[in-house]
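Some notes on the structure that comes next.
The values are calculated or read from the model by the stated rules, or taken from the named source; none is laboratory data. Predicted model, so just to flag it, every value in this text is computed and none were measured. Cβ sites come from the backbone with ideal geometry, for glycine too, and all protein chains shown count toward neighbours.
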Amino acid sequence: MYAIEVRNLWRTFKTRDGVVEALRDVNLKIKKGELFGLLGPNGAGKTTLIRILTTLLLPTKGEAYVWGYSTATEERKIRPIINMVSGGEYSGYGLLTVKENLWMFSQFYGIPGKVAKRRIEYLARRLKFEDILNKKVRNLSTGQRQKMNVARAFLTDPKVIFLDEPTLGLDVEVARVIRDFVKEWLLENDERTVLLTTHYMHEAEELCDRIAIINEGRIIALDTSDNLKKLVSREFSLVLRIHPKINISWINKIEGVQKYLTREEENGLRVRIIMSREESIADVVDGIIKHGAKISYLKKEEPTLEDVFLKLTGRGLE
Amino acid sequence: MIEFLRAVKGRAYPRVIGALREPSWMLWDTFLPLLSLSAYVFVYRSLHAPREFEGFVILGGIMTAYWLNVLWGMASQFYWEKETGNLQYYIMAPASLESILAGMALGGMFGTTTRAIGILLLGTWLFKVDMSVTNPYLLLLIFVICLAAMYAMGMMFSSLFLLWGREAWVTSSLFEEPIYFLSGQNFPVKALGPYLSMAASIIPLTLGLDAMRQLIFPSSIKFALMDPYLELIFLSILTIVYLFLAKVFLRKMENIGKTKGTILTRWL
Ligand SMILES: Nc1ncnc2c1ncn2[C@@H]1O[C@H](COP(=O)(O)OP(=O)(O)O)[C@@H](O)[C@H]1O
Ligand SMILES: [Mg+2]
């Protein structure tokens, strides 16, 4: 039995502007004990998949199972053994302290008061927020709030936990604490399972055993991070900073250039090119100079998951 | 069962804390109603209305405090919880939504009672209202059943308002004024005539106020709608009907939410 199994899952939404296909024929098998990542840009369908798995939404077509139970018909079996954290989430009541809020949520899972209290203290130590346990929630910073949210979900000792962009918008330090905690939590018991969604490739790469890349509702690749990168193993990426900003669509004509991505920066461009021919680097450099721009930075890099995504979809993750 | 009670306690807690932790709110919640009450009292005095009418006004003020809590703290609460992001966690938790609503109701009753006592004490002292309770046990029973019916009605509306979405706020405000009027907050309902007062009786506040008035101000019996015992029976029936409908609408709301996907998404 899998911790999570999804078969031919479709989900459409009817909106004023027409029909949105948020998930198209998604298939997944996630083993118990796995930390599975779903990597994809905004609007790819990550949250929709999580909503279906957490029994908040029904599929339009297809089936989804958590711990062997159908999310559509056996939600009573699923709800006690799952929990969820989402990025930028607001939960609880501003008037209550962190400790009181956590206690309140534990009561919806029937956890005895004493057990809840012990777990809250334990999680506060592990997630380094003991100092704010008695602070009112409305006075918390974003990072402190998110630590509380993470504790809220882990407090119920779930078998499967869904982390929907849990480090969205957090500073590096808080994100670090949360990631480390998730990794350790998984090691403590070999049945615990995590499904993490993110659009930060480093996060997926660092944490996940396997990664599914999702774009426009479809899973377009699924493997370990190392294997995914083999999809671009014959390629390398070239990162450049140029200024001023110029049109560089001519780059596509250079032999060996596969895909490129630009990001605007202060009075210039950051360009990332996937190439398969080292000899062409000179052509790229020449072309830029001929078009009247200067190069302030140039580096040849090993391929990343972002390059995999770029190669598969022709666009960037962010 | 113990899980149900834990969830009730959990959800009631923030309201109990809210009532106690913010004394400044308590002050406002007591003084503002008193202010509008005194306006009515002075109008009645200038009209040389019978003295009992001043008592009606205070009783009406107290029950209105509960009614406002039902509207803003129950009926529109799920809508509000959706906006603040809590609703998805409530639905996702193993606890039933019924237990969460029950917790909200008990917590809300507690909070409002702290205000109601203030209004009662200050009001009777300020206006020297003369009350002679003939049957305190019946009075208490009617008060409790009336609250139960009102909060059950709030539970029923909580799912409906969520489905109605943004219009919920408008709807809530719409319910405020006509109900003061229909339930005869400040004057005997009988003055509305038999048909309108019958219609008004599906609002628990109407029957509850009418019954309590008779028990607190015996000289007002001549204005009464019907016998308090009969009203007690009707209130009990209303409670059961509203609780039943609340359950039906909860399931309906959850189903529509899961199918359409509109209920959990904040901006929809
Ligand atoms: N309740 C909804 N109603 C209509 N459209 C929705 C709803 N939820 C999500 N969508 C649409 O479905 C697509 C996928 O959204 P989502 O799952 O939130 O993506 P992600 O989490 O990967 O950013 C988007 O185009 C989004 O606008
Ligand atoms: Mg999302």
For the stretch B:207-264, how many residues meet the condition of being polar (S, T, N, Q) and within 16 Å of ligand 1 (Cβ to nearest atom)? 3
Do we have any residue at all in the stretch A:250-259 that's surrounded by 11 or more Cβ atoms within 10 Å (Cβ to Cβ) and under 25 Å from the mean Cα position of the chain (by Cα)? yes
A:A212 fails exactly one of the following numbered conditions: (1) touching a helix residue (DSSP H, G or I) at 6+ places or on another chain (Cβ under 7 Å); (2) within 16 Å of ligand 2 (Cβ to nearest atom). What is the number of that condition? (1)
Taking the conditions exactly as written (β-branched (V, I, T), surrounded by 12 or more Cβ atoms within 10 Å (Cβ to Cβ) and in the same structural domain as A:E34 (by TED's automatic domain parsing)), does A:T224 satisfy them or not? yes
Total residues in the stretch A:171-217, condition free of Cβ contacts under 8 Å to residues at least 24 places away in the same chain, over 10 Å from the mean Cα position of the chain (by Cα) and farther than 18 Å from A:T142 by Cβ: 4
Could you grab me the full set of residues in the stretch B:43-88 that are basic (K, R) and surrounded by fewer than 20 Cβ atoms within 10 Å (Cβ to Cβ)? B:R45, B:R51
Report the residue count in the stretch A:44-90 for those that are within 16 Å of ligand 1 (Cβ to nearest atom) and in a strand (DSSP E or B). 6
Unmet requirement for A:G110, which otherwise passes all of (1) within 16 Å of ligand 2 (Cβ to nearest atom); (2) touching an Asp or Glu at 6+ places or on another chain (Cβ under 8 Å); (3) within 12 Å of chain B (Cβ to nearest Cβ): (1)
Selection from the stretch B:28-55 of residues charged (D, E, K, R) and under 10 Å from B:F127 (Cβ atoms) yields B:R45, B:R51, B:E54
How do the pairs read when you match residues in the stretch B:243-268 that are facing chain A (nearest Cβ under 9 Å) and under 18 Å from A:E74 (Cα atoms) with residues anywhere that are within 15 Å of ligand 1 (Cβ to nearest atom) and modelled with pLDDT of 85 or more, using Cβ under 6 Å and keeping only pairs 6 or more apart or on different chains? B:K258/A:L57; B:K258/A:L58; B:T259/A:L58
Within 16 Å of ligand 1 (Cβ to nearest atom), in contact (Cβ under 8 Å) with a residue 12 or more places away in the chain and not in a strand (DSSP E or B), is that true of A:G143? no
Against the definition (more than 12 Å from chain B (Cβ to nearest Cβ) and in contact (Cβ under 8 Å) with a residue 12 or more places away in the chain), how does A:L23 come out, yes or no? no
With the condition kept exactly as written, say whether any residue in the stretch A:269-291 is crowded, with 18+ Cβ neighbours inside 10 Å, among the basic types (K, R) and not in a helix (DSSP H, G or I). yes
Per the filter on the stretch A:186-222, residues closer than 29 Å to A:T156 by Cα, within 12 Å of ligand 1 (Cβ to nearest atom) and in a loop (DSSP other than H, G, I, E, B) are A:H199
For the stretch B:4-98, give me every one of the helices (runs of 4 or more DSSP H) that falls completely inside it and has 1 or more residues that are without any contact (Cβ under 8 Å) to a residue 24 or more places away in the chain and basic (K, R). B:23-46
If I filter the stretch B:148-168 for residues that are on the phi > 0 side of the Ramachandran plot, among the charged types (D, E, K, R) and without any contact (Cβ under 8 Å) to a residue 60 or more places away in the chain, do I get at least one hit? no
Search result, residues across the stretch A:295-318 that are free of Cβ contacts under 8 Å to residues at least 60 places away in the same chain and touching a helix residue (DSSP H, G or I) at 6+ places or on another chain (Cβ under 8 Å): A:I295
Looking at (1) more than 13 Å from every other protein chain (Cβ to nearest Cβ); (2) in contact with a helix residue (DSSP H, G or I) (Cβ under 8 Å, 6 or more places away or on another chain), can you tell me which one A:S141 breaks? (2)
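Say whether the condition of being within 16 Å of ligand 2 (Cβ to nearest atom) and either small (G, A, S) or facing another protein chain (nearest Cβ under 8 Å) (or both) is met by at least one residue in the stretch A:66-85. Quick ask: steps written out before the conclusion?
Of all residues in the stretch A:66-85, those within 16 Å of ligand 2 (Cβ to nearest atom) come to A:84-85.
Cutting the leftovers down to either small (G, A, S) or facing another protein chain (nearest Cβ under 8 Å) (or both) gives us A:84.
Looking for residues that are within 16 Å of ligand 2 (Cβ to nearest atom) and either small (G, A, S) or facing another protein chain (nearest Cβ under 8 Å) (or both), one finds at least one in the stretch A:66-85, hence yes.
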